[in-house]
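The values are calculated or read from the model by the stated rules, or taken from the named source; none is laboratory data. Keep in mind the model is a prediction, meaning the values are calculated, not measured. Cβ: placed from backbone, ideal geometry, glycine included. Neighbour counts: every protein chain shown.
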Amino acid sequence: MNTELLSGTVDSELPVRLDVYIAETLKLLSRSQLKSRCMTAAVNGRSVKLSRIIQSGDQYRIELMALAETSLVAEQLPLDIIYEDSAVIVVNKAQGMVTHPAHGNWRGTLANALLGRQSQGDQANAPQRAGIVHRLDKDTSGVIIAARNAPAQDFLAAQFRDRSTVKYYLAIVSGQAPAVQGRVDDWLARDPRERKRFAPAAEGSGKRAVSDYQVLASAAGCSLLLLRPRTGRTHQLRVHCLKLGCPILGDPIYGRPGRLLPGASLMLHAAQLSIRLPAEELLRRFEAPLPEHFLRALARLKLPVPEFPLGMLGQ
């Protein structure tokens, strides 16, 4: 029987169930998928159930049944390549492209496209999940990095776990933030009334989320924000902008229609990523130019086009 292996070191601020950590923190599989496919699970070398409570530093290993019908399929899809070498590839992901296959989106994803760029002989040895070590929401455009081999994947993933990467996003929001510059530091959890949403939670009951922001310009009842996430929670920037009273323009979950751009799509762009590459000591900075829909929105609202490289927010 073909199998797949999930393994690594736990990085969690609070004790959490093993299946919850895999599903909600790492977002590798849903809990139901884990339950149906898990053959063996171990923590620190000892056999456990998926309900086992784990904590930061624990070593986990889960053996899964490989499912042919949901296997990653290589596809020849157009990609906007920012940089690539034998170890990594950096892409300016288009708005509307799903990062990794999931229910309802088994084809046409970034992962399918990345596997399609591997040579035919290398596809069998491609790293897990096509080397993707972080994610962008479907409607968020911009910089995303992936590994081309297992050692590079471990090297990149470690930097996202220890938060040594530097990420900057640009967002057009409806309304104005309460200050020119500031920080949102709270806890987020799934909204119990609507599972697709996340919402601020009581301290200790969700996951801590920290974002820095700076208002770059305001006009026509909208603002251009520079955002620096210090943590990487699902929908973090979208929820934090809502909490500031200025939801991201075009956000179908947390936003509201803009008066001047009522049909706008999500105006959130991952503009800049600084990260160490394998065998390099210093951070390498990668930038993704603003997409056309973002530039058109700036022009319509009479907001300036920001200059790259972006600032040192929150240093």
#### Entry: Any chance Ser51 is farther than 30 Å from Ser141 by Cα, small (Gly, Ala, Ser) and surrounded by fewer than 14 Cβ atoms within 10 Å (Cβ to Cβ)
yes
### Summary
Exactly one of Ser30, Ser36, Ser51 is within 24 Å of His235 (Cα to Cα) and small (Gly, Ala, Ser), and that residue is Ser30
### Summary
Cβ pairs under 8 Å, 6+ apart or interchain, first in region 199-227 and more than 26 Å from Glu13 (Cβ to Cβ), second among the polar types (S, T, N, Q) and not in a strand (DSSP E or B), ordered by first then second residue, are Val215/Gln176; Ser218/Gln176; Ser223/Gln176
### Message
Looking at region 279-297 only, could you name the residues that are in contact with a strand residue (DSSP E or B) (Cβ under 7 Å, 6 or more places away or on another chain) and farther than 30 Å from Ala264 by Cβ?
### Response
Leu283, Arg284
### Message
Looking only at residues that are closer than 30 Å to Gln153 by Cβ and touching a Pro at 6+ places or on another chain (Cβ under 9 Å) in region 275-301, which one is surrounded by the fewest Cβ atoms within 10 Å (Cβ to Cβ)?
### Response
Arg285
### Query
So how many residues does region 169-198 have that are touching a Lys or Arg at 6+ places or on another chain (Cβ under 8 Å) and either over 26 Å from Leu290 (Cα atoms) or among the acidic types (Asp, Glu) (or both)?
9
### Summary
Only one of Ala42, Ala23 is over 17 Å from Ala157 (Cα atoms), in contact with a Lys or Arg (Cβ under 9 Å, 6 or more places away or on another chain), among the small types (Gly, Ala, Ser) and surrounded by 15 or more Cβ atoms within 10 Å (Cβ to Cβ), namely Ala42
## Note on the structure
For region 1-48, the count of residues that are in a strand (DSSP E or B), over 19 Å from His100 (Cβ atoms), out of contact with any Phe, Trp or Tyr (no Cβ under 6 Å at 6 or more places or on another chain) and modelled with pLDDT of 85 or more equals 10
### Task
Answer yes or no as to whether Pro304 is loosely packed, with under 14 Cβ neighbours inside 10 Å, over 18 Å from the mean Cα position of the chain (by Cα) and modelled with pLDDT of 95 or more.
yes
### Query
touching a His at 6+ places or on another chain (Cβ under 8 Å) and either modelled with pLDDT of 90 or more or surrounded by fewer than 18 Cβ atoms within 10 Å (Cβ to Cβ) (or both), is that true of Thr70?
no
### Query
Can Val98 be described as surrounded by 18 or more Cβ atoms within 10 Å (Cβ to Cβ) and either in contact with a Gly (Cβ under 9 Å, 6 or more places away or on another chain) or of a type in the set (Ser, Thr, Tyr) (or both)?
yes
### Message
Consider region 81-112. How many of its residues are assigned to a strand (DSSP E or B), over 14 Å from the mean Cα position of the chain (by Cα) and closer than 22 Å to Pro252 by Cβ?
### Response
2
